[in-house]
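Step one of this worksheet: look at the structure below.
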Amino acid sequence: MAVLRDRPYVQFNFLVNLGTGSTQGPDAGFQEVSGVGMEVTVSEYRNGNSGENSVLKITGLNKSTDVTLKRGAIGSLSLYRWLDEIRNGNQSALRTVTIELQNEDHTQVVQTWKLMRARIIKHTSGPFNAKGTDVAMEELVLAYERLEME
């Protein structure tokens, strides 16, 4: 699904599906998504009788980074309900969260990131300041087990 072109796509045209099937409406509207990534660990090993004076690099486990999503507080409890299912031990609460980057005129998805078996691990609201004029924000941190890109 990734669409290759010579110049990079801009970062501000994206859709988020929190595993509900919807990318529309205020529940799916996020100001920022950051930290999508993964790494593969490497173990070093060397036999004592090796003829080479260097170590072997052995591919280890896959690790996914935590993802942070930020949005303005909209009075919706959908994220809290999901978090409540997770903290109550409901194994079916794990979801596939999809982030889609669109082209500039919003007619085509040019790249997709799928966060497999995602769960909320942190939810923060605020800060609240009676002298400020900023939008009240909520922040969501997701942990997931596998990243797939299309």
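For segment 74-85, the criterion of being among the polar types (S, T, N, Q) and closer than 30 Å to PHE30 by Cα is satisfied by at least one residue.
If the condition is being of a type in the set (Val, Ile, Thr), touching a residue at least 24 places away in the same chain (Cβ under 8 Å) and over 17 Å from HIS123 (Cβ atoms), then segment 58-106 contributes THR65, THR96, THR98, ILE99. For segment 96-150, filtered to residues that are of a type in the set (Ser, Thr, Tyr) and either in a loop (DSSP other than H, G, I, E, B) or more than 29 Å from GLU85 (Cβ to Cβ) (or both), the residue that is modelled with the highest pLDDT is TYR144.
Filter segment 1-55 for residues that are farther than 15 Å from GLN102 by Cβ and among the β-branched types (Val, Ile, Thr); which is farthest from the chain's Cα centre (by Cα)?
As a first pass, look at segment 1-55 and keep what is farther than 15 Å from GLN102 by Cβ: 4, 6-7, 18-22, 25-27, 31-32, 34-55.
The next check asks that each one be among the β-branched types (Val, Ile, Thr); those that pass are 20, 36, 40-42, 55.
On the way: THR20: 15, VAL36: 5, VAL40: 17, THR41: 20, VAL42: 23, VAL55: 34 Å.
Residue satisfying both the conditions and the ranking: VAL55.
Which one of these does THR59 not meet: (1) within 21 Å of GLU150 (Cα to Cα); (2) modelled with pLDDT of 95 or more; (3) loosely packed, with under 10 Cβ neighbours inside 10 Å? Just one mismatch for THR59, condition (1).
Quick check: anything in segment 74-90 at negative phi, polar (S, T, N, Q) and out of contact with any Asp or Glu (no Cβ under 7 Å at 6 or more places or on another chain)? Among the residues of segment 74-90, at least one is at negative phi, polar (S, T, N, Q) and out of contact with any Asp or Glu (no Cβ under 7 Å at 6 or more places or on another chain), which makes the answer yes.
The values are calculated or read from the model by the stated rules, or taken from the named source; none is laboratory data. A quick note: this is a predicted structure, and the numbers were derived from the prediction, not measured. Positions of Cβ are backbone-derived with ideal geometry, glycine not excepted, and every protein chain shown enters the neighbour counts.
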